[in-house]
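The values are calculated or read from the model by the stated rules, or taken from the named source; none is laboratory data. As the structure is a computational prediction, the values presented were derived from the model and not from experiment. Cβ sites come from the backbone with ideal geometry, for glycine too, and all protein chains shown count toward neighbours.
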Amino acid sequence: MQKVDPPFAPGHRGPMNHSPPSKATAKQRSKARVAVIGAGMSGVLAAIEFKRAGYTNLVIYEKGASVGGTWRENTYPGICCDVPSHFYSYSFELNPEWSHRFSPGAEIRAYFEGIARRYEILPLIQFETEVQGCRFDHGRWHLALADGKTDTADFVIAATGVLHQPALPDLKGLDSFEGPAFHSARWDHNVAIEGRRLGVVGTGSSAVQIVSASVDSVQTLNLFQRTPQWITPIDNPAYQDEERAEFRKNPEAMQAIREEAAQAFTDGFANHLVDAESPVLAIIHDSCVANLESSVRDPILREKLRPDYQATCKRLVMSEGFYEAIQRPNANLITASIDQVEPEGIRTSDGELHPLDILVLATGFRVEDFVRPMQVSGRGGTLLDEVWRSGPKAYLSICVPDFPNFFMLQGPSSPVGNFSLIEVAELQVQYILELIQSLETEGPQAISVSQDAATRYESDRQKAARKTVWASGCNSWYIGKDGLPIAWPFTFDRFREEMEGPRLQDFETQSIHSAHLIEE
Ligand code: NAP
């Protein structure tokens with residue numbers, strides 16, 4: 001894995017700052033122990049912003065050996081972010097060195113590592129330290145670590161990710177396969193794919209990137225499709241040296257690209273997902289149909305690749321090269337369902353055995369596992385597992401009643417999917433900071449959302465979720481246990497408005513008699 005320190009834009013604008021001045025004294029803030037769980041994009045961001053706000057008694061627990069979260073775990077061939085790089089960057093650290101409009105995963109990971117180093121976050125991280133439990137007792141959170149150690153924190157920020165726990169398919173005979181078999185997020189780089197017979201299960205964003213990047217290296221590529229996906233075309237030109245030089249000299253040029261992308265994304269896409277009948281979604285649908293029609297020459301293959309649901313119902317797949325890749329002579333699209341895995345390959349329901357050397361399971365993630373397997377026990381011993389028995393839910397995606405001073409980034413009902421999760425996380429971190437800072441007045445307090453406010457939010461969320469395009473008749477990881485989409489069901493503009501500042505009447509506070517925080 002390439003490790004580089006990205007040079008940063010000279011004269012960058014500095015971290016976001018829309019929090020009001022803290023009511024907590026500087027001493028209270030520096031004493032309050034903040035534990036961030038996860039050193040991915042959101043956890044590193046939380047550490048930067050909390051530190052900047054004066055919360056210097058910070059620790060980040062990270063179960064892996066390095067930062068980067070999803071960009072550390074997903075290293076499959078062709079991985080890149082299909083959100084434009086100048087948009088998928090921290091607002092306070094635009095990066096003139098991005099190689100492409102949509103840069104590859106290794107570069108993104110190096111960007112986060114460089115930032116964690118530059119902001120002196122690395123020394124705060126305890127790597128290879130999984131948090132197994134968090135228990136709220138006497139006003140503080142007690143963390144149980146996998147190595148048997150413990151810690152106590154005043155605030156916990158769970159930045160544990162969404163698309164995190166690989167979902168392995170329940171395929172008969174999977175263990176009998178004789179060759180290497182691995183999930184797309186656990187790519188085995190000891191296995192050379194060149195000249196081999198590669199099988200890929202799944203047709204989501206991961207599989208599409210893998211297929212496009214591998215087809216020319218392998219002997220044969222068999223793609224096992226259960227459901228076709230709508231594909232929207234993208235161009236991914238490399239930035240030229242002169243363009244990068246211009247970005248270095250003139251950071252406003254990056255800012256302009258960013259703002260243009262943000263606006264196009266919000267007005268031309270995100271705000272419309274809330275309404276399956278939206279004319280804008282109809283235009284997106286038509287452009288996906290046109291892409292299929294104009295790109296796939298063989299009418300039989302074209303029909304196999306044609307979904308029977310509305311584009312954007314599943315997360316929209318963006319690809320420069322998938323349709324070309326699947327039309328290569330060594331590529332096969334297999335639509336018969338998988339009957340079983342055998343030592344030599346996959347047998348489909350039509351009786352055919354598809355011989356394979358390597359099997360890649362691009363079968364997605366267990367999104368419902370939010371925060372888990374960590375055991376979280378709140379006020380009065382309330383278990384998060386119990387509260388979330390019918391699926392994870394959180395007020396504004398950030399907090400849960402009876403779990404005071406415990407906040408989530410990218411939590412349940414957060415905008416997710418075709419979004420710049422960096423923008424989402426930046427807004428959420430500022431919201432949490434504002435909440436904490438506005439309530440620390442006379443002394444340390446436990447802050448939790450009221451049951452009433454959480455119930456009201458959940459009822460609005462459910463009502464809105466039913467109208468979204470994700471509920472328009474397809475199966476996807478957006479759909480939760482209750483059959484409703486799990487993602488933010490309102491407009492993105494509303495998300496930005498909600499994150500402008502907490503409605504304090506929705507929260508309850510309780511004084512904590514915590515000697516260590518009371519100023520002598
Ligand atoms: P995914 O979108 O959940 O796709 C999983 C695929 O596996 C689906 O095609 C699914 O079929 C198939 N599948 C699952 N179980 C199966 C089984 N038992 N038999 C046959 N097929 C099975 O997963 P993903 O591609 O890893 O993507 C997940 C998310 O990660 C994306 O939606 C996106 O948000 C994010 N991502 C982003 C990027 C990016 O560039 N920003 C890149 C990759 C991933 P069905 O459709 O029939 O369920």
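Give me the residue from segment 215-271 that is under 22 Å from the mean Cα position of the chain (by Cα) and polar (S, T, N, Q) and, out of that set, nearest to the ligand (Cβ to nearest atom).
So, considering only residues that are under 22 Å from the mean Cα position of the chain (by Cα) and polar (S, T, N, Q), the one nearest to the ligand (Cβ to nearest atom) is Gln229.
Using beta carbons and a limit of 9 Å, which pairs, at least six apart or on different chains, have the first residue in segment 176-205 and without any contact (Cβ under 8 Å) to a residue 24 or more places away in the chain and the second one of a type in the set (Asp, Glu) and away from the ligand (no atom under 16 Å from the Cβ)?
Going by the 9 Å Cβ cut-off, there are no qualifying pairs.
Which of the residues spanning segment 330-382 are out of contact with any Asp or Glu (no Cβ under 9 Å at 6 or more places or on another chain), within 19 Å of Val131 (Cβ to Cβ) and crowded, with 20+ Cβ neighbours inside 10 Å?
Correct list: Phe370, Val371.
Could you figure out which of (1) more than 16 Å from the ligand (Cβ to nearest atom); (2) at pLDDT below 95 isn't true of Asn405?
(2)
Taking segment 188-206 as the search range and keeping residues that are within 12 Å of the ligand (Cβ to nearest atom) and over 20 Å from Asp339 (Cα atoms), which one is surrounded by the fewest Cβ atoms within 10 Å (Cβ to Cβ)?
Applying the filter and picking the extreme gives Gly204.
Yes or no: Arg140 farther than 29 Å from Val83 by Cα and surrounded by 16 or more Cβ atoms within 10 Å (Cβ to Cβ)?
Against the criterion (farther than 29 Å from Val83 by Cα and surrounded by 16 or more Cβ atoms within 10 Å (Cβ to Cβ)), Arg140 qualifies.
Taking interchain pairs and intrachain pairs at least six residues apart, which have beta carbon atoms under 9 angstrom, with the first residue in segment 157-174 and within 18 Å of Ser476 (Cα to Cα) and the second of a type in the set (Val, Ile, Thr) and modelled with pLDDT under 95?
Between residues of segment 157-174 that are within 18 Å of Ser476 (Cα to Cα) and residues that are of a type in the set (Val, Ile, Thr) and modelled with pLDDT under 95, the close pairs are Val162/Val367; Val162/Val416; Leu163/Val367; Leu163/Val416; His164/Val367; Gln165/Val367; Ala167/Val367.
Which ones in segment 231-274 are touching a helix residue (DSSP H, G or I) at 6+ places or on another chain (Cβ under 6 Å) and charged (D, E, K, R)?
Within segment 231-274, just Glu246 meets the criteria.
Quick check on this structure: which one of Thr455, Thr348 is within 16 Å of the ligand (Cβ to nearest atom) and among the polar types (S, T, N, Q)?
Thr348
Tally the residues that are away from the ligand (no atom under 11 Å from the Cβ), under 18 Å from Phe224 (Cβ atoms) and buried (at least 18 other Cβ atoms within 10 Å of the Cβ), restricting the search to segment 302-329.
So the answer is 5.
Suppose we filter Val289, Val376, Val341 for residues that are of a type in the set (A, V, I, L, M, F, W, C), modelled with pLDDT of 95 or more and outside the structural domain of Leu223 (by TED's automatic domain parsing); which single one remains?
Just a single option satisfies the conditions, and that option is Val376.
For Ser184, indicate whether it is within 12 Å of the ligand (Cβ to nearest atom), surrounded by fewer than 24 Cβ atoms within 10 Å (Cβ to Cβ) and assigned by TED's automatic domain parsing to the domain that holds Ile346.
No, not satisfied.
Filter segment 169-180 for residues that are within 13 Å of the ligand (Cβ to nearest atom) and surrounded by 15 or more Cβ atoms within 10 Å (Cβ to Cβ); which is farthest from Phe419 (Cα to Cα)?
Leu174
Yes or no, residue by residue, for (1) within 16 Å of the ligand (Cβ to nearest atom); (2) of a type outside the set (A, V, I, L, M, F, W, C):
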{"residue": "Ala65", "(1), (2)": "no, no"}
{"residue": "Pro77", "(1), (2)": "yes, yes"}
{"residue": "His86", "(1), (2)": "yes, yes"}
{"residue": "Ser91", "(1), (2)": "no, yes"}
{"residue": "Pro96", "(1), (2)": "no, yes"}
{"residue": "Ala110", "(1), (2)": "no, no"}
{"residue": "Trp141", "(1), (2)": "no, no"}
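Would segment 177-195 turn up any residue that is in a loop (DSSP other than H, G, I, E, B), within 24 Å of the chain's Cα centre (by Cα) and of a type in the set (Phe, Trp, Tyr)?
yes
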